Amino acid sequence: MTSHKRPSRRRVLAGAAAAAATTTLAMPAIVRAQGKGPLKVGVLLPRSGFEAGIGQDCQRGVDIAAPILKSLGLPALSIINGDTESNVDTAREHAEKLIEDGAQLLVGAFDSGQTTAIAQVAEQKGIPLVINIASAPQITEQGYKFVVRNFPTVSMLLNDELSEQKELFALVGDEPKTAVFMHVNDLFGTGMSKGIHAMMPKYDLPYKILEEISYDPAARDLSVEVTKAKAANAEIMLVVGRLNDAMLITRELVKQRWTPKAILSMGPGWYENQYTKTLGKLSDGPMSLVPWYDPNKKLSKTLEAAFAKAYPDYNLNTNHVFTFEALLVAADAYKRAGSTDPKALAAALHATDITDNVTIGPGIKFDANGQNTGVRCGVVQNRGGKQVTVVPKEAANAKPEWPMKPYQSRA
């Protein structure tokens with residue numbers, strides 16, 4: 001992870017966090033009558049820096065949660081917002097600041113490096129942390145007592161992403177023989193690269209990776225990297241990236257007049273609203289093999305309706321869904337704990353068993369390490385500025401379009 005240290009800015013942000021307005025999610029009268037106040041939840045996201053678009057997108061999952069949690073009979077959450085600034089040091093600093101400001105539980109933070117730092121602070125301070133998005137396996141392999149994660153680890157991601165590729169190829173009746181692999185060089189990207197090389201032989205995939213190209217997630221020009229990818233002359237492109245580099249790569253593909261048969265993204269970026277809105281028809285075609293929501297679940301339909309009403313120009317995606325579910329987990333644990341005591345909350349979090357949820361899989365339940373091992377990925381394709389789910393079969397609401405339409409033939 002590349003860190004951009006700006007001490008003066010962090011001091012300003014730390015002061016701003018202390019003065020930030022607090023939002024209270026509505027609480028049913030029956031809970032209020034018990035004399036319990038809302039649980040103070042510090043939500044740490046990369047609201048500025050190179051991951052700002054994703055952090056701001058995650059915030060939308062927070063903003064729509066109140067009426068849905070209330071309809072489920074869950075108690076109120078008082079949200080205190082924090083900005084990691086897309087920086088590991090700032091994430092640690094602001095986790096400490098939010099706890100000083102009274103946060104009784106933390107949620108965050110999308111980025112694995114930043115989340116690792118927050119988890120260390122949470123464990124040291126004895127304050128529960130519910131991870132919304134972050135896949136570095138070591139976070140839940142430290143024996144932490146106050147940390148739970150409702151998001152797949154790298155190995156879980158890869159297990160689904162590699163097995164679901166075979167399901168996808170069988171569905172479209174095509175087995176590509178060659179691939180080029182582009183990925184960010186941060187903690188997530190390098191972890192995925194190691195995992196792919198270690199696990200690919202197990203899945204007997206039909207293609208060979210001809211070229212592997214890594215790059216800085218904060219890069220502003222990827223023309224050289226795309227030129228190298230194009231020169232490999234592979235059938236498909238595998239990518240592990242972020243929002244900004246997804247847009248840079250797509251623009252370079254158009255500029256260099258190269259359309260792979262398929263772009264398979266094993267991470268964020270390509271399904272983001274900013275990606276589809278900014279690139280229009282050029283955003284259609286790529287498939288994201290990512291943790292997703294099951295559009296056929298009852299609570300998914302509720303969440304979709306609430307999101308469409310609040311943000312008619314956006315599509316519901318991973319960022320919103322897993323951030324919403326982190327708050328669902330927090331509120332559910334608070335209700336069962338009946339207390340803001342950190343140890344009681346941590347015990348309630350580890351005893352979570354939610355079957356009425358949104359994401360693909362049987363529900364939300366944590367193992368001894370605080371990891372939900374049942375959460376699954378899906379294959380979603382950009383189609384007409386939206387996303388449709390094509391794999392797995394039980395969560396699908398459309399069939400895949402294969403191969404991608406050449407960029408040059410789009411209006």
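Just for helices (runs of 4 or more DSSP H) wholly inside segment 16-119: which have at least 1 residues that are outside the structural domain of Leu243 (by TED's automatic domain parsing) and at pLDDT 95 or above?
Working: elements: 29-32, 52-63, 65-71, 88-100.
So the answer is 52-63, 65-71, 88-100.
Across segment 276-298, which residue is farthest from Phe181 (Cα to Cα) among those that are hydroxyl-bearing (Ser, Thr, Tyr) and under 15 Å from the mean Cα position of the chain (by Cα)?
For segment 276-298, the residue satisfying everything is Tyr293.
Mind counting the residues in segment 247-268 that are touching a Leu at 6+ places or on another chain (Cβ under 9 Å) and free of Cβ contacts under 8 Å to residues at least 60 places away in the same chain?
Selection size over segment 247-268: 6.
What are the residue pairs meeting all of these: first residue in segment 297-317, first residue outside the structural domain of Cys58 (by TED's automatic domain parsing), second residue in a helix (DSSP H, G or I) and of a type in the set (Gly, Ala, Ser), Cβ atoms under 7 Å, and 6 or more apart or on different chains?
Final answer for the pair search is none.
Within the group Glu96, Glu123, which residue is out of contact with any helix residue (DSSP H, G or I) (no Cβ under 8 Å at 6 or more places or on another chain), surrounded by fewer than 24 Cβ atoms within 10 Å (Cβ to Cβ) and not polar (S, T, N, Q)?
Glu123
Quick one: which strands (runs of 3 or more DSSP E) sit completely within segment 128-234 and have at least 2 residues that are modelled with pLDDT of 95 or more and either charged (D, E, K, R) or surrounded by fewer than 16 Cβ atoms within 10 Å (Cβ to Cβ) (or both)? If you could, list the steps in order and put the result at the bottom.
Values: elements: 129-131, 147-149, 178-184, 208-215.
Filter on segment 128-234 gives 208-215.
The values are calculated or read from the model by the stated rules, or taken from the named source; none is laboratory data. Since this is a predicted model, take the numbers as computed values, not measurements. Every residue, glycine among them, receives a Cβ derived from its backbone with ideal geometry; neighbour counts consider all protein chains shown.
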